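Right, one structure below, let's go through it.
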Amino acid sequence: MSKDSSVSEPPAGRNRTPFGRLLERAIGDDSSIHAVLLYGEEGGQRDSFAAELAQGWLCAQPREDGACGECKPCMQFSRDAAVDLLRIAPSGKSRLIRKQSIRPAKESDEYPVSEFLRTPPLSARNKVIWMADVDRLGLDAANSFLKILEEPPERSRFVLTTQHYSAVLPTIASRAIGVPCEVGTPQELAQDFGVLENWEELWALGSRTRLERLRSRKESWRSLAESLESLPQRLGRRRSAFGELAGDRQAACRRRLRPFPNGSLLGFGGGRSVGRRGRLALASRPARAGIASQGRR
């Protein structure tokens with residue numbers, strides 16, 4: 001990695017931030033920290049912090065504020081060719097980290113964690129496991145990985161990341177130092193991506209990765225944003241029109257109702273549905289009721 005990179009040249013005051021203080025404590029040879037769990041939104045500081053920590057553990061001559069950026073392990077890391085770094089991520093339709101990623105399996109070509117850690121580092125100070133989305137560990141894989149975390153081999157380090165901290169198994173989370181990672185501010189995104197439109201700022205939620213996805217189909221997302229913005233107005237117009245229509249129908253129904261001798265409002269269309277016999281029957285009900293009462297006496 002070049003000298004002017006964000007890893008070799010951290011921002012001013014980096015060592016005063018929680019992650020800066022952790023990085024300073026973790027990368028030293030005498031550090032007891034062997035596992036760190038970084039959690040936060042995708043595209044925020046989480047992934048950049050994970051990269052800095054992984055490189056700091058690999059670096060042959062780390063400085064107080066991180067990796068040197070000049071040694072052989074750092075140069076390998078910058079080319080994505082670090083031989084002492086193993087990256088693990090969910091795979092398949094289920095997006096799970098399976099047991100064959102942790103322990104050897106007969107019908108698998110994966111290089112498992114246990115085999116990777118069986119030998120000492122080739123060129124770096126430590127061997128580093130970088131596991132993304134640790135919350136997606138399958139049950140068997142989690143049990144196998146937990147045994148490694150409980151008794152880590154010498155010179156082994158673990159960088160764990162997740163977007164859903166509550167979904168990480170407590171037994172695994174308890175064996176790592178948890179570090180919350182914030183997303184970027186709109187001002188920080190604007191420095192890297194230029195001026196943000198209102199809908200980009202709203203939907204990106206400070207995530208660089210999410211903003212890149214939005215801009216990859218910018219016209220489609222902008223059209224959707226404009227449609228959603230105008231939705232309340234369209235619904236208001238439809239609600240008003242529906243109210244007017246309902247009022248007209250109610251008034252029309254009232255005009256079609258006709259009063260009958262007993263004071264009730266029955267029938268539509270001027271009483272045609274009831275007819276003359278029906279009206280006579282309604283009018284004669286009180287008389288029949290009186291005759292019946294006299295008969296019972």
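Read the figures in this text as sums done on the coordinates, not as results from a lab. Predicted model, so just to flag it, every value in this text is computed and none were measured. Methodologically, a virtual Cβ is constructed for each residue, glycine included, from the backbone with ideal geometry; neighbour enumeration extends over all protein chains shown.
Just to verify a number: FRET efficiency for residue 111 and residue 171, C-beta to C-beta distance, R0 = 22 Å, to 0.05?
0.35
Using a simple charge model, +1 on the beta-carbon of Lys and Arg, -1 on the beta-carbon of Asp and Glu, nothing else, what dipole does region 40-93 show about its Cα centre, in debye to the nearest 20?
So the magnitude is around 260 debye.
Antiparallel DSSP bridges in region 74-157: what percent, to the nearest 5?
10 percent
For residue 72 and residue 30, what does the FRET efficiency come to when R0 = 30 Å and r is the distance between their Cβ atoms, rounded to the nearest 0.05?
Approximately 0.85, to the nearest 0.05.
Pairs 106/147; 93/147; 72/147; 72/93: which are spaced more than 29 Å apart, C-alpha to C-alpha?
The pairs that break the limit, which is 29 Å between Cα atoms, are 72/147; 72/93.
What is the set of long-range amide H partners of residue 130 at a cut-off below 5 Å, with H atoms built 1.01 Å from backbone N?
86, 87, 88, 159
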